[in-house]
1. Out of (1) open to solvent by 30 Å² or more (accessible area, probe 1.4 Å); (2) over 22 Å from Met21 (Cα atoms); (3) small (Gly, Ala, Ser), the odd one out for Ala64 is which?
2. Can you find a residue in region 30-51 that is open to solvent by 10 Å² or more (accessible area, probe 1.4 Å), at negative phi and among the hydroxyl-bearing types (Ser, Thr, Tyr)?
3. Against the condition touching a residue at least 24 places away in the same chain (Cβ under 8 Å) and loosely packed, with under 10 Cβ neighbours inside 10 Å, how does Glu78 come out, does it pass?
4. For region 5-26, check the following and say yes or no: at least one residue is acidic (Asp, Glu), open to solvent by less than 100 Å² (accessible area, probe 1.4 Å) and either in a helix (DSSP H, G or I) or at pLDDT 90 or above (or both).
Amino acid sequence: MLDTIGTNAILRLAVLHRSKMPNKDEIANFSTTIEELADNQKMHCLDAIVQYCDETGLEVEVAATLISLKLKSRIQEEAQSINLLKKSARLPI
């Protein structure tokens with residue numbers, strides 16, 4: 001996985017929490033990377049985030065600031081499907 005993301009990008013993410021809030025491009029890149037990792041490895045997004053952090057040395061707290069709304073929604077759906085979160089009411093459509 002590290003070969004698909006440049007080491008410069010990883011280093012930028014590692015010091016991101018010290019300097020500024022992430023911009024839209026960094027959030028989009030991180031979220032796309034996590035979704036691809038989850039799809040390729042056939043795992044939940046939350047597991048993919050933890051694996052990515054382990055591989056790159058990125059702190060989980062920093063990764064939390066890089067999660068897009070789309071990825072948050074996917075994580076919530078996955079957590080509800082495995083009963084980590086209560087299922088929210090949905091309208092039958």
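1. Exception for Ala64: condition (2).
2. yes
3. No.
4. Among the residues of region 5-26, at least one is acidic (Asp, Glu), open to solvent by less than 100 Å² (accessible area, probe 1.4 Å) and either in a helix (DSSP H, G or I) or at pLDDT 90 or above (or both), which makes the answer yes.
This table checks each residue for (1) within 17 Å of Phe30 (Cβ to Cβ); (2) at pLDDT 95 or above; (3) hydroxyl-bearing (Ser, Thr, Tyr).
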site	(1), (2), (3)
Ala48	yes, yes, no
Thr56	yes, no, yes
Glu61	yes, no, no
Thr65	yes, no, yes
Leu71	yes, yes, no
Ala79	no, no, no
Asn83	no, no, no
Ser88	no, no, yes
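The values are calculated or read from the model by the stated rules, or taken from the named source; none is laboratory data. If you're wondering where the values come from, they're calculated on a predicted model, not measured in any experiment. With ideal geometry, Cβ positions are generated from the backbone for all residues, glycine too; neighbour counts draw on all protein chains shown. With ligands, DNA and RNA removed, areas are computed over all heavy atoms of the protein, side chains included. Shrake-Rupley method; radii C 1.70, N 1.55, O 1.52, S 1.80 Å.
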